[in-house]
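Where a number appears in this text, it was derived from the coordinates with a stated rule and is not lab data. Treat the numbers as computed from the prediction; the structure is a model and nothing was measured. Please note: Cβ atoms are built from the backbone with ideal geometry, for glycine as well, and neighbour counts cover all protein chains shown.
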Amino acid sequence: MALGLAVETPAPAPAPRRKAKRPAKPQRKWLAVHALAVLAATAVGVMYVADLMRQPAAEAALAATVPLAPEVRAAMPSLKSTPPMPLPRPAQNIAPPVDDDLPPWRRYAAAVPAGAEHQPRLAIVIDDLGLNEAAARKVADLPRPITMAFLPYARNLPAQTLNARLKGQELLVHLPMEPASPSADPGRNALLTDLPPAEIERRLDWNLSRFSGFVGVNNHMGSRFTADADAMTLVLRKLAGKGLLFLDSRTAEQSAGVRIAAALGMPHGARNVFLDNERNADAILTQLEKAEAMARTRGQAIAIGHPHAQTIAALRDWIPAARRRGIALVPLSSLVKAPAPVTVASR
Ligand SMILES: [Zn+2]
């Protein structure tokens with residue numbers, strides 16, 4: 001090291017001058033080499049890019065005109081290396097395409113899960129919806145298909161019901177009707193037995209005009225109104241004419257709803273089980289088990305619940321478990337009795 005230093009030490013004096021003259025040649029030489037290398041690399045790059053741009057177009061043109069054998073297609077590098085583009089998820093299970101030729105009870109029906117016709121089928125209807133928008137969103141987020149019945153006098157119904165339909169749920173109008181108890185208030189524009197027929201019709205039209213995309217109607221309260229055969233005939237005839245189904249909530253044992261709907265030949269059903277007359281988890285589970293047992297013995301059952309936190313929580317756990325036991329959750333429209341094919345009348 002000392003030797004090295006000794007040898008190198010004298011050198012620095014002339015170095016600056018030499019450096020000024022000598023580097024000229026090697027620099028020019030290296031510059032030329034660099035320029036050549038850059039030129040070559042650019043040329044290769046341009047050819048490569050041009051090739052890349054040309055190749056897919058040529059292949060696409062070829063593929064469009066000449067049917068290629070699978071092995072030929074597989075041998076083409078760019079086609080082989082390009083993974084197939086994932087298609088957008090099919091929307092038909094969420095909000096089926098609308099067929100204007102069908103009556104609304106079929107036009108707006110939610111999709112029935114595949115294979116449901118071979119299983120015990122259960123429709124879960126949640127009504128009294130719309131006043132608590134957060135609760136309606138939670139019901140809409142339950143495993144589909146839930147049938148969701150909205151009160152017509154609630155606010156922001158077009159947005160609330162559209163959200164439900166986009167989540168794959170089915171819609172009903174929860175039609176306010178007169179209860180037997182005078183202390184219970186069925187709400188604005190409720191159907192009352194002592195109203196003149198024209199006013200009942202006007203109120204019915206108002207209740208059916210608040211949102212769209214519903215398959216039919218179930219009664220809110222109505223223990224008095226549903227027991228009145230004349231009033232029910234007036235209302236059900238109008239609903240039948242509009243191609244809507246009727247679900248009798250059966251708030252009264254003496255309801256004339258099912259008998260008149262059957263006589264009119266309109267699609268109809270009746271509630272079998274109320275899920276949450278008692279608002280606690282154990283009681284709700286007991287009712288769900290009752291509904292499941294009924295679906296197994298009769299082939300189908302209709303349960304009605306309400307947007308209480310306890311009911312929503314119970315359904316969130318119970319639905320997947322019931323499915324594993326072979327129960328098919330179906331929309332109400334798939335369980336209604338429709339004696340004859342119903343077509344939409346002129347009004
Ligand atoms: Zn109700």
Ordering of 278-288, 306-316, 231-241 by burial proxy (mean other Cβ atoms within 10 Å per residue, highest first): 231-241, 306-316, 278-288
Is the shape of the range 263-302 best called rounded, prolate or oblate, per the rule: a/c under 1.5 gives rounded, else a/b larger than b/c gives prolate, else oblate, with a ≥ b ≥ c the square roots of the Cα gyration tensor eigenvalues? oblate
How would the range 130-252 be classified by its alpha-carbon gyration tensor: rounded, prolate or oblate, with rounded meaning a/c under 1.5 and the a/b versus b/c comparison settling the rest? prolate
